[in-house]
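Down below is the structure, laid out as structure tokens.
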Amino acid sequence: MFSLHSKAFLEANIADFIIPSEKVAHVQRANTLEHALLVLTKSGYSSIPVLDPQFRLQGLISSSMITDSILGLEQIEFDQLDKKKVEEVMDTGFPTISLQTQFKKALKLLIDHPFLCVVDDEGLFEGIMTRRVILKQLNQNLHSAE
Ligand code: 4BW
Ligand code: 4BW
């Protein structure tokens, strides 16, 4: 099947496909949910990384996690937005990759995750690898194979 099977693609370097940390919208674990909702809304992304002050990856937060956490029995409790912290709500059970991860493995993980966080040995956040970047590359390979 065209160049998806090519060694060059399957053994590509993760570094060539990452969006660097400075371009990734993120929040801090101690931020309020109100702040996180503002960043999510203004950035336009539905889910973004949570970091600590040393730039280590801590979790992921999404608009739906925030809404879910302030759902009362009868109404949405908006007053909770400036009381609760990101660390109380964030997701911590997700896979991460490093610059040494095999490209094939990252591709497999991207089936179930819209993006993967890239961290170094000490957990420092280096950036993300998104489905869009991979599909764009795959599309280019497809066209150059034609
Ligand atoms: O602001 C945007 N610019 C562009 N060029 N495309 C966007 C933007 N917002 C959304 N999109 C598109 C992308 O194709 O919609 C897809 C789904 O967005 P999402 O998940 O639900 O917010 C985008 O697909 P993607 O680029 O493969 O990104 C997958 C997911 O990775 C996004 C978001 O959760 C995260 N992400 C991507 N770039 C990010 C980011 N998070 C923080 N900062 C970034 N720069
Ligand atoms: O409940 C979920 N189960 C699983 N297995 N994966 C989920 C679930 N919710 C989200 N995801 C993952 C998927 O990888 O996050 C991606 C982004 O979700 P989204 O956009 O921002 O809600 C999911 O990527 P996808 O499966 O390629 O789906 C892309 C978008 O298509 C979703 C949503 O807008 C829409 N969609 C997918 N399945 C849907 C659906 N909308 C309504 N009903 C469905 N069954």
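The values are calculated or read from the model by the stated rules, or taken from the named source; none is laboratory data. This structure is a prediction, so every number in the text was calculated from the model and none was measured. Every residue, glycine among them, receives a Cβ derived from its backbone with ideal geometry; neighbour counts consider all protein chains shown. Only protein heavy atoms, including side chains, enter the accessible area calculation; ligands, DNA and RNA are left aside. Shrake-Rupley method; radii C 1.70, N 1.55, O 1.52, S 1.80 Å.
Structure notes:
- In the condition set (1) open to solvent by less than 40 Å² (accessible area, probe 1.4 Å); (2) assigned to a loop (DSSP other than H, G, I, E, B); (3) of a type in the set (A, V, I, L, M, F, W, C); (4) farther than 21 Å from Gln100 by Cβ, Ala12 is compliant with all but (4).
- Here the condition is being within 15 Å of Ser21 (Cα to Cα), within 15 Å of ligand 2 (Cβ to nearest atom) and modelled with pLDDT of 95 or more; of Ile128, Ile111, it holds for Ile128 alone.
- Number of residues in region 43-96 that are aliphatic (A, V, I, L, M), assigned to a strand (DSSP E or B) and away from ligand 1 (no atom under 16 Å from the Cβ) equals 2.
- Single residue of region 63-96 satisfying the filter (within 15 Å of ligand 2 (Cβ to nearest atom) and in contact (Cβ under 8 Å) with a residue 24 or more places away in the chain) that is nearest to Arg29 (Cα to Cα): Asp91
- Residues of region 110-125 satisfying the condition of being among the hydrophobic types (A, V, I, L, M, F, W, C) and open to solvent by 40 Å² or more (accessible area, probe 1.4 Å): Ile111, Leu124
- Condition check for Ala30: surrounded by 14 or more Cβ atoms within 10 Å (Cβ to Cβ), more than 16 Å from ligand 1 (Cβ to nearest atom), part of a loop (DSSP other than H, G, I, E, B) and among the hydrophobic types (A, V, I, L, M, F, W, C): no
- Of the set (1) open to solvent by less than 90 Å² (accessible area, probe 1.4 Å); (2) more than 16 Å from ligand 2 (Cβ to nearest atom); (3) more than 21 Å from Leu107 (Cα to Cα), all apply to Leu40 but (2).
- Residue satisfying all of: in region 15-26; within 12 Å of the chain's Cα centre (by Cα) and buried (at least 17 other Cβ atoms within 10 Å of the Cβ); nearest to Leu116 (Cα to Cα) among these: Ile18
- Residues considered: Leu33, Leu57. Of these, the only one that is of a type in the set (A, V, I, L, M, F, W, C) and closer than 18 Å to Val118 by Cβ is Leu57.
- Total residues in region 130-146 satisfying the condition of being near ligand 1 (Cβ under 9 Å from one of its atoms), surrounded by 13 or more Cβ atoms within 10 Å (Cβ to Cβ) and hydrophobic (A, V, I, L, M, F, W, C): the figure is 2.
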